[in-house]
Structures are given as structure tokens and as C-alpha cells.
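The structure under discussion appears below in the form of C-alpha cells.
Rule-based calculations on the coordinates, nothing more; no lab input. Note that the coordinates shown come from a computational prediction; the quantities given were computed from them, not determined experimentally. Methodologically, a virtual Cβ is constructed for each residue, glycine included, from the backbone with ideal geometry; neighbour enumeration extends over all protein chains shown.
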Amino acid sequence: MSPILFELLLRSIWETVLMTAASGLISLVFGLPLGLALIATERGGIAESPWVNRALGAVINGFRSVPFIILLVALIPVTRLIVGTSIGTWAAIVPLSIAATPYYARIAEVSLREVDRGLIEAARAMGGNRWTIIREVLVPEALPGIVAGFTVTLVTLIGASAMAGAIGAGGLGDLAIRYGYQRFETSVMIAVVIVLIILVCGIQWAGDRLVARLDRRG
Amino acid sequence: MNQRFAAPAEATDQPRATPQDVVRLVDLKRRFGVTAALDGVSLTVRKGEILGIIGRSGAGKSTLIRCLNGLERPDSGEVFIEGREISRLGERDLQPLRRRIGMIFQHFNLLSAKTVEDNVALPLKIEGRPKAERLQRAAELLDLVGLSEKAKAYPASLSGGQKQRVGIARALAARPALLLSDEATSALDPETTRSILALLKDINRQLGLTILLITHEMEVIRSIADRVAVIDAGRIVEEGPVWSVFAEPRSEITRSLLGAIRPQLPAELAARLLPSAGTETLLRVDVAGEAARGPLLSDLATAVPGPFRLVHGGIDHIQQQPVGTLFLSVPGSDANHLAAVITFLKARQARVEVLGHVANPV
């Protein structure tokens, strides 16, 4: 592999890491509250509101059913509004975040739903309000699942970021398509695949370790 | 049959409302669909007492106990906690009130992500107390329940009995006026159950804490309750001091719940009973309170000459009151002799039931 290609590889790694980390963080910040809102507003939840629950669910399902490559293009006006441009790595972070947030909200919802209702009842019996229940019960008790779900989301984002090449965001997927596939640079293709394997394994390993440390359920 | 055994001190079945009442329920009703979970429950819990509510699963116990801290709302009726009507309070007004009421649960409901001391201190955190005070109170309570060395452990590493001790410590953290126990020993083995009940009794005595517990086990009622209320299909069918209800259960459901706890005629004997004809007559004699203290059998032998035999039974002590069930066999076919025995026993406040006859001597 030529030094130029190697430099390209390093830059692509950075672009992929940046896209994954930034959109992962954004999906955590918005997806977790969204997951909490889904749990809180469902029937028998701490802020039961079937109408809000249905509306949230519909919006989330709507975003999740659009193929990412379509979302990438369809969101161009929004991206331009937020980032100022519709091409490049930062521009890709907007559609990636918007796709990952409802995805992560559903994963967080599943973990939060697994929290024993008896614990919520105990917190209510102690005189706790909704905020207490969220802060002391729901989030801490679901934390292992919330972290495990975040790991899954990050890995999914690495895959999704490959498509971001379509709007000139660069990244490993783009490198593999343009050089490895279209220019028959097998060494680039192999290098990209190896780096991706290392990235995915590293994220999964770190996530699993964190979950093991957080999980006190014995 | 319808008259209670004389109680030594005060023991009225229906106490009047006094300022001493921690809980007063008036005609509580709650329906779930077509089934009535509570169908007109009126009940009083007096300050410092342990009231046990017993019933089969689905009798309405859980709904009842949850009405006391507003986790459940009655359709109609009133719930007074320390004189204040709470059944129509909003969630926000219920929160400070719930801090006056501790609750322990069948499945402990400890937070797995918090250490034992943080679990115990949680009610104080909810109250907004400073951390130093919370930890000091948690240490005090863990000492009370005998788990000081587990302060930094996580609940997953504790046994069932230890978890319930933590549950009790947590329920006491905010110095409640009332402790609600929701089947607190139902998930524990008999030995652990005894130690948890002993702890509750201790707390009741030492702190003068009023306790309302629900259970489906008569053994629990027997070992710690002062008074018992039997609930069936959403109604209180029987209520009174524990020893008196044990001595003379009025309703079928109470008798069935008492089942294994009260002496029964041995099965092989029961199988041989005939409705009439036989050489011996079997009597079931229930005595309690003062009647059971006297030399009943020797007096019987003196007053009514003629043979009788004690076949089975014994005297139990509940709340320092003797409660006995004796199975007597009166031989011979002399109806007058049998009548004299029964008359004598009844004159001594015993309840006598002719169970039947046996052909061969037992």
C-alpha cells in the first residue's frame, strides 16, 4: 500500500470514529430521554398518557422505517440548516444522529421495561416523585442494559456511516467502495475490513466490560 | 356458639374511632372490572398494635393494604391516616404522607444497583436530608436489624432473610408512624420467617410502631398479631383478638385457614366415625381463656362419675391465653351420662360438639 493510500486510510479511520462517536453521543442524549418518555407514558407507567405514547411511537416508527440512504438525502435541507453545508463528515453526523436516536430509544425502552415494577412501587411507597423514580430506580437499575444497548448502537453506526460516503463524508466504508472495490486495490479493501473488525471488537469488548462492572444483580 | 369467650381485658370487636387510631377505613370499595376487590371494608388500626389481615390469594388483601398509602385508590369509602382523609388526595399531596408510612414487600424490592446502606438511606434521600445524616441513620438501622457488616454489600449477595432485614431497615428510615407489611415472609423458609417475625415484634415493642400486615399464613398471625381480621371476597368476615378468633372461628373461611394450625381428629379415627350406634361417643371440646386455666378434666371426673377418655388434643398458648381443643371419648350407651358430661362442660364455658360414635374402643 502506497504512503498516500495509507494516509487516506488514517484519515478515513478518523472520519469514521468521528461520525460514530458524535452521532452515538447525540443518540444517547436524545434517545435515552425518549426511551424514558415511552416507558413513562405507556399504560400503567409513571406518567401514563396513551395519546402521547402513541404519538411518540408513531414518530419513532416512521423514522425507523425509512432506509438510511433515503434519509441521508431527504434530510439535506435540515443538515444545511444545522451545519451550514450538506456535504462532508460533519454534515453526515446530522442524518446519522437522526437515524440512531429512535433506534437507541427503542433499545433503551426495552431495558427500562425490564426494571421490576415492584421497585417502582417501593419508590412510590417511600414518597418518591416521578423524577426520583427515574433517577434512583429506572436509570440505575436499567443501566447495564442501557450501556449494552449503546454498544449495539455504536456498532450499527459504524455500519451506517459507510453509506455517508454518498454525501462526501468520507470514512472507512467510502474508502473501501472507492478504492478497494472500484479501483481493485485489494490491499485497501483488506486493510479497511481489518480496521473495521478491530473497531467493532474494541467497542464490543469495552461495552461488555463496562456492563459487567455495572451489573450488581449477582 | 355465637358468644365469644370472655376476654380478660378489653377486647371489643368493633372499636370506636379515637384519636389513637392510626388507620381508620370506612366502607372501602374497589372494583376491577366485574370483580369487587374490596366490597365495603371498615377497619381500624390502633396506635401501637399489630393488626394482621389474613385471606386467601385474591381475597382483596393487596388492594386493601395499597389503599392505605394511596398506591391504590378506592372507588368509594374513606381512608383516614392519623385522622386525615387521604383517599382523594393527589399524587403530590400523597408523597409527604407516604413518608409517614413504611412498607415492606414479599419480594423485598431492594434496588440492585445500590449498596445496602444506600438502599436503607433512600427514603431519607427522597426527603432531601444531607448525606452525613442519611448514612448515620442507615448505620443505626442496620445495627438494629443486625446487618452492620453488610453496609457496603449489594443486595444480590444477601440471603432472603437478610434482604428482608434490609427492607425493614429501609422502611423504618424515615421514622414512620405505621409499617405496612405485604406478605413479608411469604418468600422465606420457616426458620427465616420466625426470625423476621421476631424482629418485627421487637420493633413493635421497642419503638411502639403500629404494624398492619397482610398474609395468607395463620402461623404469621399467631406469632405476632394482636388482632386479626379475616378478609374474603373483599369483605371482612371476622375480626377480633387473635386468641379469641383462634379459639372460636366463626366463619368457614377462618376455620379453613386455621386448618393445620388447630388440632384435628386424627384421620384414621375420623374415618371410623359413625353417625349413630357404637360403643363410644366422641366429643370435640374447645376451651379458651379462663375456662382453660382451671382443672377442667379433674373437675369433670369429680362432678360426673363415670368413665371418659382423652383421645387427642392439647392446649396451646396464644397471646398468653390458653386455647385448647380436646377430643374426649365417652364409653357406654347411657344417654344420661353423656348428657351430664356435656352439660358440665358447657357450664364451664367450653364449646362441645358431638362428632359421632365409634364401634370399637379406640
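Sorting A:67-73, B:270-276, B:345-351 by average packing, meaning the other beta carbons within 10 Å per residue, from highest down gives B:345-351, A:67-73, B:270-276. Between residue A:90 and residue B:301, the simple spin-label model (points 7 angstrom out along Cα→Cβ) gives 10.6 nm. Over chain B, dividing the summed -39,500 (n - 2.57) contributions of all DSSP H runs of at least 4 residues by the number of residues returns a 222 nm mean residue ellipticity of -9500 deg cm²/dmol. When each of B:309, B:66 is scored by the number of other beta-carbon atoms lying within 10 Å, the sequence from fewest to most is B:309, B:66. Computed log10 I(q)/I(0) for the protein assembly as shown at 0.07, 0.10 Å⁻¹: -0.61, -0.93, from the Debye equation with unit scatterers placed on every C-alpha and solvent omitted. Helices assigned as whole DSSP H runs in chain A whose Cα atoms extend at least 20 Å along their own long axis and whose mean Kyte-Doolittle hydropathy is -0.5 or higher are found at A:3-41, A:50-65, A:89-113, A:139-161, A:186-214. Residues in region B:334-355 near a label at residue B:274, defined as backbone nitrogen under 20 Å from the 7 Å Cα→Cβ point? Residues B:334-339, B:354-355 fall inside that zone.
Take every pair of alpha-carbon atoms less than 8 Å apart whose residues are at least six positions apart; their mean separation over the length of region B:21-259 yields a relative contact order of 27 percent.
Counting, for every residue in B:58-71, the Cβ atoms of other protein chains within 10 Å of its Cβ and taking the mean gives 1. By the beta-carbon count within 10 Å of each Cβ, the least crowded to most crowded order of A:205, A:14, fewest first, is A:205, A:14.
Take the Cβ atoms of residue A:25 and residue B:84, set R0 to 45 Å, and the FRET efficiency comes out at 0.40. Counting Lys and Arg as +1 and Asp and Glu as -1 over every other residue whose Cβ lies under 14 Å from the Cβ of residue B:92, the net charge comes to +3. Selection among B:28, B:185, B:132 by position relative to the dipole of region B:21-259 gives B:132 as farthest towards the positive end (Cβ unit charges, Cα centre). Under 19 Å from a label point set 7 Å out along the Cα-to-Cβ vector of residue B:261, the amide N atoms of region B:315-330 belong to B:315-326.
Spacing of the modelled spin labels on residue B:207 and residue A:215, each 7 Å from Cα toward Cβ, amounts to 3.5 nm.
Tell me, how many Å apart are the Cα centres for region A:160-210 and for region A:28-107? Here the two parts' Cα centres lie 25 Å apart. Note on residue A:197 and residue A:81: their simple-model spin labels are 4.4 nm apart, each label 7 Å out from Cα toward Cβ. On the basis of the beta-carbon distance and an R0 of 35 Å, residue B:309 and residue B:159 show a calculated FRET efficiency of 0.15. Classification of region A:17-171 by its C-alpha gyration tensor yields a prolate form. The axis ratio a/c (a ≥ b ≥ c) is 1.5 or more, and a/b outweighs b/c. For the residue pairs B:47/B:152; B:47/B:201; B:47/B:150; B:61/B:152, the alpha carbons lie more than 26 Å apart in B:47/B:152; B:47/B:150; B:61/B:152. Overall form of region B:257-362: oblate. Here a/c, set by the Cα gyration tensor axes a ≥ b ≥ c, is 1.5 or more, and a/b is not larger than b/c.
Mean separation of Cα pairs under 8 Å and 6 or more residues apart, divided by the residue count, gives chain A a relative contact order of 28 percent.
Panel order for B:195, B:244, B:157, B:298, by other beta carbons found within 10 Å of each beta carbon, from fewest to most: B:298, B:157, B:195, B:244.
Using the Cβ-Cβ distance between residue A:49 and residue B:320 with R0 set to 60 Å, the FRET efficiency works out to roughly 0.65.
Adding -39500 (n - 2.57) for every DSSP H run of four residues or longer, then dividing by how many residues chain A holds, sets the calculated 222 nm ellipticity at -25000 deg cm²/dmol. For region B:83-148, trypsin sites (Lys or Arg not before Pro) meeting the loop criterion (DSSP other than H, G, I, E, B) and having at most 11 other Cβ atoms within 10 Å: B:88. Taking a ≥ b ≥ c as the square roots of the eigenvalues of the alpha carbon gyration tensor, region B:48-133 is oblate, as a/c is not under 1.5 and a/b does not beat b/c. Note on chain A: dipole from Cβ charges, positive end direction compared against A:47, A:22, A:79; the farthest Cα belongs to A:47. Within chain A, the longest run free of exposed loop sites, counting trypsin sites (Lys or Arg not before Pro) that sit outside DSSP helix and strand states (H, G, I, E, B) and have at most 13 other Cβ atoms within 10 Å, spans A:44-182. How high is the relative contact order of region B:46-116, in percent, with contacts defined as C-alpha pairs under 8 Å that are six or more residues apart? Relative CO of region B:46-116 lands at 18 percent.
Per-residue shielding of B:118-127, expressed as the average number of other chain Cβ atoms within 10 Å of the residue Cβ, stands at 3. If the chain linking residue A:110 and residue A:183 were pulled fully straight, counting 0.36 nm for each residue of separation and taking away their Cα-Cα distance, it would gain 21.9 nm. Residue by residue along A:114-120, Cβ atoms of other protein chains within 10 Å of the local Cβ number 3 on average.
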